[in-house]
Amino acid sequence: MKAIGIIPARFASTRFEGKLIKPLCGKPVIQHVWENALKATSLDDLIIACDDERILNVVKDFGAKVTMTSKGHSSGTDRITEIVNPIDVKVIVNIQADEPFIQPSMIDEVASALLDEPKLSMATLRKRIVIPEELYDPNVVKVVVDRNEFAVYFSRSVIPCPRDCFIKNQAVSKEFLKNNEYFKHVGLYAYTKDFLFTFKNLPESCLEKLEGLEQLRVLENGYKIKVFETKYETIGIDTPEDLNRAEEFMLKMNKQSK
């Protein structure tokens, strides 16, 4: 196979336990993710990798392909490697189970990039920030890229630091964001299978521990991550408040499409 999608699904989220099976406009959050991912034309297979029977039962009810994995994994990457180890495949797409607005074209972009460009080993996405509150939200991960769209750094803090606002003790405005590009990271990754296992075997890095961001292990060890820009808005479900925002956003989208 050329590319497969894996949706790692953990029940015991520290900020919002069981969030993946919470209802969002009449369907579990993870079902929205699966239905959107299923439409990606680049994937030869799509598997949900879960660690809890409560998720397993919900997933079976809506007909997804699902595999139970060890509860001992410390990250989604570890869960993915358990699944793909025996599979003959070139590219694996790690699709976050708490991103119900993920679009098929977003998956196709990162998967196709790795299939078409042999020098790339890992790719992800970024979306321009237009809401000032997102800039200061530690749950919204920010990313800075170089002129070739390779990641320079990821952070939960505001990067780059708006020096003039900082000096004047002023919050960033919508007008400021119109004139200055700030990006949030969209939780979607594609790796070559070879690099996935290289990544898994790297020791946890200092920056990764400080920020609580696994992708920093890649940068700190000298590897590159291509970060493509997407126009699609996403809302990761990290808290009950996020779920409420997602419900409002989805209802608004549904009205606009009618």
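The numbers here are math on the coordinates, done by the rules we state, and not lab data. Computed from a predicted model, the values in this text were never measured in an experiment. Counting neighbours? That spans all protein chains shown, and the Cβs are built from the backbone with ideal geometry, glycine included.
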Would you mind calculating the gained length between Phe62 and Ser75 on full extension (0.36 nm times residue separation, minus the Cα-Cα distance), in nm to one decimal? 2.2 nm
Per the charge dipole of the stretch 124-258 (beta-carbon charges, Lys/Arg positive, Asp/Glu negative, Cα centre), the residue among Pro162, Phe197, Asn180 reaching farthest to the positive end is Asn180
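Looking at the stretch 130-160, which GluC sites (Glu not before Pro) are in a loop (DSSP not H, G, I, E or B) and have at most 16 other Cβ atoms within 10 Å?
Details: sites: Glu133, Glu134, Glu149; in loops: Glu149.
Counting only loop positions with at most 16 other Cβ atoms within 10 Å, the GluC sites (Glu not before Pro) in the stretch 130-160 are Glu149.
With the contact rule set at Cα under 8 Å and sequence spacing of 6 or more, what percent relative contact order holds for the chain? Could you put the intermediate results ahead of the total?
Working: 464 pairs, mean separation 58.9, N = 258.
Over the chain, the number comes to 23 percent.
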What are the semi-axes of the equivalent ellipsoid of the chain, taken as the square roots of 5 times the eigenvalues of the Cα gyration tensor, listed largest first and rounded to whole Å? 28, 23, 18
Note down the magnitude of the dipole of the stretch 1-61 about its Cα centre, charges +1 on Lys and Arg C-beta and -1 on Asp and Glu C-beta and zero elsewhere, to the nearest 20 debye. 240 debye
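Which number do you get for Rg(Cα) / (2.2 N^0.38 Å) in the stretch 95-146? Show your work: numbers first, answer last.
Details: Rg = 13.4 Å, N = 52, 2.2 N^0.38 = 9.9 Å.
The stretch 95-146 yields a ratio of 1.36.
Give, in whole angstrom and from largest to smallest, the semi-axes √(5λ) of the equivalent ellipsoid of the stretch 166-219, with λ running over the eigenvalues of the Cα gyration tensor.
Working: eigenvalues 223, 50, 9 Å².
Calculated on Cα positions only, the semi-axes equal 33, 16, 7 Å.
About the Cα centre of the chain, what is the dipole size in debye to 20, counting +1 per Lys and Arg Cβ and -1 per Asp and Glu Cβ, all else neutral?
Result for the chain is approximately 400 debye, rounded to the nearest 20.
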Hey, what number do you get for the chain at 222 nm if only DSSP H runs of n ≥ 4 count, each worth -39500 (n - 2.57), divided across all residues, to the nearest 500? -10000 deg cm²/dmol
Trypsin sites (Lys or Arg not before Pro) within the stretch 97-183, DSSP loop, no more than 11 other Cβ atoms inside 10 Å: Lys119, Arg147
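Could you please tell me the mean projected area of the C-alpha convex hull for the stretch 24-74, averaged over all directions and given in square nanometres to one decimal? Present the calculation step by step, with values, prior to reporting the outcome.
Details: hull surface 17.0 nm².
With the hull built on Cα positions only, its mean projection is 4.2 nm².
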